[in-house]
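Q: Have a look at this one before I ask anything.
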Amino acid sequence: MFEDLAGIAPVRCIEGRNASKADVLFYETNGVRVAVKTYGVRGFLIRHTLGRWLIFREARAYEEAGEVNGLPAFLGRSGPFALATEWVDAEPLSSYRGVVLKTEIFDRLAGILDELHDRGVALGDLHHRDVLLNADGELYVIDLATAWVLGARPWPFRRFLFRRFCQSDRVSLARMRARFTGGDVEEAAISVGEVAATWHRRGRKVKGWLDRLRGKRR
């Protein structure tokens, strides 16, 4: 796959929001549309630490998930700093701010999450930037860099964390559903369960602190 892209200029590029984020390059070759996520352009330190680790995690999550309806096909890694997936022609839910969406969209998202959880993959940080919707109403989940893989023989503590991340996914889904269908976001979070909502709030605080540390652009 990556040999076919050698010497071909990408038709589109989405630059990472900050120095700790990967760039995503989009290619078309021989009728195949490919999205390449790469840390190759980042500085040496980021590339060889955070970049290497996140690409490894994401590739493992895609491999563990396998073929899931609503997950772009995983096309492989190119060394330690890049991976490729199917390029889906769709827009993130974040581009639908102010638009009321059908609740059926989030029913389908719930189905995708259930299948991922059944296969031992929890996203842990589901965001509306990572949920894509195309013109035909088809839904896709992208960006598994922070996904938590249960593994074949998990220790009890890993099982505990996996359950918590699954709950966090359900809270994120409930909040997203409420935000885009006119519901109350905080009530939606609590409806999943007080423990799950508390875990999710703590996770968001930690993520906010890390984002500020990394100089995330808002």
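Q: Do you know which residues across the range 164-184 are closer than 12 Å to residue 200 by Cα and of a type in the set (Lys, Arg)?
A: Answer for the range 164-184, where residues must be closer than 12 Å to residue 200 by Cα and of a type in the set (Lys, Arg): 164, 170, 175.
Q: Is it fair to say residue 71 is at pLDDT 95 or above, of a type in the set (A, V, I, L, M) and in contact with a Lys or Arg (Cβ under 6 Å, 6 or more places away or on another chain)?
A: no
Q: While we're here: Only one residue in 178, 147, 189, 196 is free of Cβ contacts under 8 Å to residues at least 24 places away in the same chain and buried (at least 21 other Cβ atoms within 10 Å of the Cβ), so which one is that? So that I can check it myself, show each step before the final result.
A: Details: 178 fails: buried (at least 21 other Cβ atoms within 10 Å of the Cβ); 147 fails: free of Cβ contacts under 8 Å to residues at least 24 places away in the same chain; 196 fails: free of Cβ contacts under 8 Å to residues at least 24 places away in the same chain.
Selected residue: 189, the only one of 178, 147, 189, 196 that is free of Cβ contacts under 8 Å to residues at least 24 places away in the same chain and buried (at least 21 other Cβ atoms within 10 Å of the Cβ).
Q: Just the residues that are charged (D, E, K, R), part of a loop (DSSP other than H, G, I, E, B) and either in contact with a Pro (Cβ under 6 Å, 6 or more places away or on another chain) or surrounded by 14 or more Cβ atoms within 10 Å (Cβ to Cβ) (or both), please, taken from the range 3-54.
A: 17, 21, 42
Q: On to the next question. Check 58, 67, 91, 15 and return the single one that is out of contact with any strand residue (DSSP E or B) (no Cβ under 7 Å at 6 or more places or on another chain) and closer than 20 Å to residue 132 by Cβ.
A: When all the criteria are applied, what remains is 67.
Q: Further, regarding this structure: Select from the range 65-107 the residues that are free of Cβ contacts under 8 Å to residues at least 40 places away in the same chain and part of a strand (DSSP E or B) and list them in ascending order.
A: 74, 77
Q: Pick from 152, 110: which is surrounded by fewer than 19 Cβ atoms within 10 Å (Cβ to Cβ), in a loop (DSSP other than H, G, I, E, B) and not acidic (Asp, Glu)?
A: When all the criteria are applied, what remains is 152.
Q: Given (1) under 14 Å from the mean Cα position of the chain (by Cα); (2) part of a loop (DSSP other than H, G, I, E, B), where does residue 59 come up short, assuming only one miss?
A: Going through (1) under 14 Å from the mean Cα position of the chain (by Cα); (2) part of a loop (DSSP other than H, G, I, E, B) one by one, residue 59 breaks only (2).
Q: Here is a further query. Are any residues in the range 135-185 in contact with a Pro (Cβ under 8 Å, 6 or more places away or on another chain) and either within 14 Å of residue 121 (Cβ to Cβ) or assigned by TED's automatic domain parsing to the domain that holds residue 56 (or both), and if so, which ones?
A: Within the range 135-185, 142, 162 meet the criteria.
Q: Here is a follow-up. Among 54, 116, which is the only one that is assigned by TED's automatic domain parsing to the domain that holds residue 170 and within 14 Å of the chain's Cα centre (by Cα)?
A: After ruling out the rest, the residue left standing is 116.
Q: Also, I was wondering about something else. Among (1) touching a residue at least 60 places away in the same chain (Cβ under 8 Å); (2) under 21 Å from residue 14 (Cβ atoms); (3) part of a helix (DSSP H, G or I), which single condition is residue 129 missing?
A: (1)
The values are calculated or read from the model by the stated rules, or taken from the named source; none is laboratory data. Owing to the predicted nature of the structure, the values given are computational and were not obtained by experimental measurement. Every residue, glycine as well, gets a Cβ built from its backbone with ideal geometry; the counts of neighbours run over all protein chains shown.
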